[in-house]
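Undergrad: Here you go, one structure.
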Amino acid sequence: MSHVIECQKISKRFGGNQVLKDLDLTVDAGESVAILGPNGTGKSTLIRILASVMRQSEGKVLINGSEMKDEAFALRSQIGLLSHTGYLYTSLSAEENLKFYAEMYSLKDPEKRIAELLEKVGLRTRRFDRVATFSRGMSQRLGLARALLHSPKILLLDEPETGLDQEGLDLLWSIIKTDDPDRTVVFTSHNFKSTVQACSRLIILKKGKIVYDAPKGDLTEDGLQALYHDVTGGKS
Amino acid sequence: MKTFWKAAFAIAKKDILLELRSKEIISSVLLFAVLTLVIFHFAFTADHETMTQIAPGMLWVAFSFSGILSLNRAFIPEKEDNCMEGLLSCPVGREAIYMGKCLGSFIFMLIVEAVVIPVCAMLFNVDVFNPMIIFITLLATVGFVSVGIIFSALSVNTRAREMVLPILFLPIIVPIIICAVSSSSAILAGGTFEDIKQYFLIIVAFDVIFFTVPLMIFKYVVEE
Amino acid sequence: MRTKIALALGGVLMVVALVMVFIVVPTEATMGNIQRIFYFHVPVAWNAFFSFGVTFGFSIAYLKTRNPKYDFIAESSARIGIVFTTLILLTGMIWAKPIWGVWWTWDARLTSSFVMWLVYIAYFIVRSFITEEERRYRFGSIIGILGFLSVPIVAISIQLAPTTHPKAMIFNDGLHGTMLATLLISIFAMFVVYFLFVFLQYDNCKDAYEIAQLKKKLLKESE
């Protein structure tokens, strides 16, 4: 049985700037992996490479055993991506946004899935309103609906908490867990509380390298905070 | 292949829908194009014969400048809320994204041309509303848009992007302008297809080269 | 080392070429002395096309491999290409004034050289607008590819108009003996000079890049 995600010696350079260095990582089905680390340490870059919206300079990414480089086309339909922004067109309504992405993913029965998701993220009554009129929490939830539209096996989240209060973030996570509890999730975060609640495994990145990788166990929020400062040298 | 066209049409449809929502760009671009013609009138008040000679040139100056205005905006919706990344994460080839953006801008340019050509014919009493001229204009618009879209995607990621597009775009589309203007003039002067065949062939060659190559290298513009 | 070889070879060839142009070769019958500029104008033109061709090739290589060195070569070559194109235009104008009576006409060859010049000026202006290195190389390569493809098509489309530019006489029987020899030596001399400049410019780019890397490293360590 191959791993859901397997990174082999991934490096990424921007010009002469080395962001990721020989990074190895495997993620198995159903894991919920949190990636923490100081700013500029390559968290977002890693997520983008896994989502194949960015190409690694060296190394291989395998999704379910197939190499991303060869089959990006097919593999992308197994991956959902949500970043600090929801990738939404603000002049279009919630429903129009989802309909557009449904066409991009060639969904079979888009109406049903869209209605179901709008209900789940609590935007059914606002579905004809333009995204521009939405609050930050609402558009982030719609962004999540967009990422979950094609029922991906893997969900990638890059600092989804940006601009959300704790309540909004808790709501986001409860939607993720109820939509499909067995989904593999990889996310980056700066929020210790929701990280502890959501993850089953913890990875800390520092200067483009993994410096800590272990199951969460019975770690608490305070325990995580102490561990994080210990590993990264106090900076957050 | 089916997903290619489906995605391309979805993107074009989305761009048109976005534009229908705001109507900002189409109205200002159309106004600008007509204003260009008005300025031409004051710059070259001339007799009918001279007007007939310079009319195709006026048309293409109006198309180029209004084209730059609209092409400059082509990737703004993808820049807002970082939608380009959302598109890239979809299971479609980057070629389909390029094709979709081209289709959207092509339809947009057609609307501009559909207004400017009759207005020019009316204001200056020249017969530019002529099937041959319209055919050549359509053909030239293909190359015009396909060069414009790749440079628009490039310029949206640079500083001073409003400047970047015209300085890259204008010198490259020189052949399109030369051929479209020369062949339109020849038609106005009573020429037949034989007279403009050479120009026609160059426009076709330009369209083929400057559609295929950008289609192939578009992924290097959008993917880091 | 290669720079020194190019410098020595280029220097010798240039002196030979100058002697040929000003002393050995006979004065052309109809145009007079001004025709001697031709031995400079033509080599510069050929090498300008060659430089942009090199930029084209290494732009493709960069996009395929993402090795910054290929972009340095592409950029250096384009820089020399612009100098050469500027020289084509200037020498052309100097020749045109006494022969045609004007500095400039919108003739096919003149116009296409001018458009080519504009394309590569834009190449450098746009590069200077991009602060992030990797993106600058990538976008530079794209302009290097599309720009070069436009050169022949501009030339062909303009050529449909009647031209007064002298026809290329090298391959038909128009040019003979010492004139041809002088031209070939001039072309070769200019070719070596091209490589000399590219080597110098390339080292320049590489040094600037390495200095920038060291600076970044120092900044990171001092954090």
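Undergrad: Every residue in segment B:7-43 that is more than 14 Å from chain A (Cβ to nearest Cβ), of a type in the set (S, T, Y) and open to solvent by 30 Å² or more (accessible area, probe 1.4 Å), please.
TA: Within segment B:7-43, B:S27, B:S28 meet the criteria.
Undergrad: How many residues, within segment B:95-125, are open to solvent by less than 10 Å² (accessible area, probe 1.4 Å) and more than 17 Å from the chain's Cα centre (by Cα)?
TA: Final tally of qualifying residues: 3.
Undergrad: Here's a follow-up. Being more than 30 Å from A:D129 (Cβ to Cβ) and in contact with a Ser or Thr (Cβ under 8 Å, 6 or more places away or on another chain) is true for just one of A:G42, A:G86, A:G37. Which residue is that?
TA: A:G37
Undergrad: Of all residues being of a type in the set (S, T, Y) and part of a helix (DSSP H, G or I) in segment A:36-50, which is nearest to A:K216 (Cα to Cα)? Just the residue, please.
TA: Only one residue fits best here, namely A:S44.
Undergrad: Among the numbered criteria (1) under 28 Å from B:P171 (Cα atoms); (2) out of contact with any Pro (no Cβ under 9 Å at 6 or more places or on another chain); (3) within 14 Å of another protein chain (Cβ to nearest Cβ); (4) not aromatic (F, W, Y), which single criterion is violated by B:L59?
TA: Answer for B:L59: the failing condition is (3).
Undergrad: Next question. Looking only at segment A:13-22, count every residue that is more than 10 Å from chain C (Cβ to nearest Cβ) and basic (K, R) and tell me the total.
TA: Going through segment A:13-22 one residue at a time, the tally reaches 1.
Undergrad: Select from segment C:52-76 the residues that are surrounded by 24 or more Cβ atoms within 10 Å (Cβ to Cβ) and among the small types (G, A, S) and write down the one among them that is nearest to the chain's Cα centre (by Cα).
TA: Selected residue: C:S76.
Undergrad: So, of the residues in segment A:153-177 that are open to solvent by 50 Å² or more (accessible area, probe 1.4 Å) and modelled with pLDDT of 85 or more, which turns out to be nearest to A:S52 (Cα to Cα)? Reasoning before the result, please.
TA: Of the residues in segment A:153-177, the ones open to solvent by 50 Å² or more (accessible area, probe 1.4 Å) are A:153, A:162-163, A:165-167, A:170-171, A:174, A:177.
When the remaining residues are screened for being modelled with pLDDT of 85 or more, the result is A:153, A:170-171, A:174, A:177.
Working: A:K153: 15, A:D170: 28, A:L171: 28, A:S174: 26, A:K177: 24 Å.
If we take residues in segment A:153-177 being open to solvent by 50 Å² or more (accessible area, probe 1.4 Å) and modelled with pLDDT of 85 or more, then A:K153 is nearest to A:S52 (Cα to Cα).
Undergrad: I would also like to ask the following. Please give the helices (runs of 4 or more DSSP H) falling wholly within segment B:1-108 in which 2 or more residues are among the small types (G, A, S) and at pLDDT 90 or above.
TA: Numbers: elements: B:2-22, B:24-43, B:48-73, B:76-79, B:83-88.
So the answer is B:2-22, B:24-43, B:48-73.
Undergrad: Quick one: is B:A46 surrounded by 13 or more Cβ atoms within 10 Å (Cβ to Cβ), within 11 Å of chain A (Cβ to nearest Cβ) and more than 19 Å from the chain's Cα centre (by Cα)? So that I can check it myself, show each step before the final result.
TA: Working: surrounded by 13 or more Cβ atoms within 10 Å (Cβ to Cβ): yes; within 11 Å of chain A (Cβ to nearest Cβ): no; more than 19 Å from the chain's Cα centre (by Cα): yes.
For B:A46, the condition - surrounded by 13 or more Cβ atoms within 10 Å (Cβ to Cβ), within 11 Å of chain A (Cβ to nearest Cβ) and more than 19 Å from the chain's Cα centre (by Cα) - is not met.
Undergrad: State the number of residues belonging to segment B:15-43 that are within 14 Å of B:F108 (Cα to Cα) and in contact (Cβ under 8 Å) with a residue 40 or more places away in the chain.
TA: 10
Undergrad: Output the residues belonging to segment C:27-73 that are outside any helix (DSSP H, G or I), farther than 30 Å from C:N204 by Cβ and not hydroxyl-bearing (S, T, Y).
TA: To start, the set of residues in segment C:27-73 that are outside any helix (DSSP H, G or I) comprises C:27-32, C:66-67.
Subsequent filtering for residues that are farther than 30 Å from C:N204 by Cβ retains C:27-32.
Residues satisfying the conditions are C:E28, C:A29, C:M31, C:G32.
Undergrad: Another one. For segment A:189-201, give me each residue that is in contact with a Phe, Trp or Tyr (Cβ under 7 Å, 6 or more places away or on another chain), open to solvent by less than 30 Å² (accessible area, probe 1.4 Å) and closer than 18 Å to A:G30 by Cβ.
TA: Matches in segment A:189-201: A:A198 only.
Undergrad: I want to confirm something. Restricting to segment C:96-145 and keeping residues that are within 14 Å of chain A (Cβ to nearest Cβ) and acidic (D, E), which single residue is nearest to C:A61 (Cα to Cα)? Talk me through it step by step, then tell me what you get.
TA: Let us first name the residues in segment C:96-145 that are within 14 Å of chain A (Cβ to nearest Cβ), namely C:127, C:130-141.
Now restrict to residues that are acidic (D, E): C:132-134.
Working: C:E132: 20, C:E133: 17, C:E134: 14 Å.
Filtering segment C:96-145 for residues that are within 14 Å of chain A (Cβ to nearest Cβ) and acidic (D, E), the one nearest to C:A61 (Cα to Cα) comes out as C:E134.
Undergrad: Follow-up question, since we're still on this one. Within segment B:182-201, track down each residue that is open to solvent by less than 50 Å² (accessible area, probe 1.4 Å) and either without any contact (Cβ under 8 Å) to a residue 24 or more places away in the chain or in contact with a Leu (Cβ under 8 Å, 6 or more places away or on another chain) (or both).
TA: Within segment B:182-201, B:S182, B:S184, B:A186, B:G191, B:Y199, B:F200 qualify.
Undergrad: If you don't mind, there's one more thing I want to ask. Restricted to segment C:47-97, and to residues that are of a type in the set (V, I, T) and closer than 13 Å to C:R138 by Cβ, which residue is modelled with the lowest pLDDT? Break it down stepwise before answering.
TA: Here is the first cut: in segment C:47-97, the residues of a type in the set (V, I, T) are C:54-55, C:60, C:65, C:73, C:80, C:82-83, C:85-86, C:88, C:91, C:94.
Of the ones still in play, those that are also closer than 13 Å to C:R138 by Cβ are C:60, C:65.
Working: C:I60: 97, C:T65: 89.
Within segment C:47-97, the match that is modelled with the lowest pLDDT is C:T65.
Undergrad: Just to be sure I understand, how many residues within segment A:56-67 are within 13 Å of chain B (Cβ to nearest Cβ), within 22 Å of A:K153 (Cβ to Cβ) and not in a strand (DSSP E or B)? Steps first, please.
TA: Keep residues of segment A:56-67 that are within 13 Å of chain B (Cβ to nearest Cβ), which gives A:56-57, A:63.
Now restrict to residues that are within 22 Å of A:K153 (Cβ to Cβ): A:56, A:63.
Add one more test, that the residue is not in a strand (DSSP E or B), and what stays is A:56.
So the count comes out to 1.
The values are calculated or read from the model by the stated rules, or taken from the named source; none is laboratory data. All figures in this text were calculated on a predicted structure; none of them were measured in a lab. Here the Cβ is made from the backbone with ideal geometry for all residues, glycine too, and neighbour counts use every protein chain on show. In case anyone asks, the SASA skips ligands and DNA or RNA and just uses the protein heavy atoms, side chains included. Shrake-Rupley method; radii C 1.70, N 1.55, O 1.52, S 1.80 Å.
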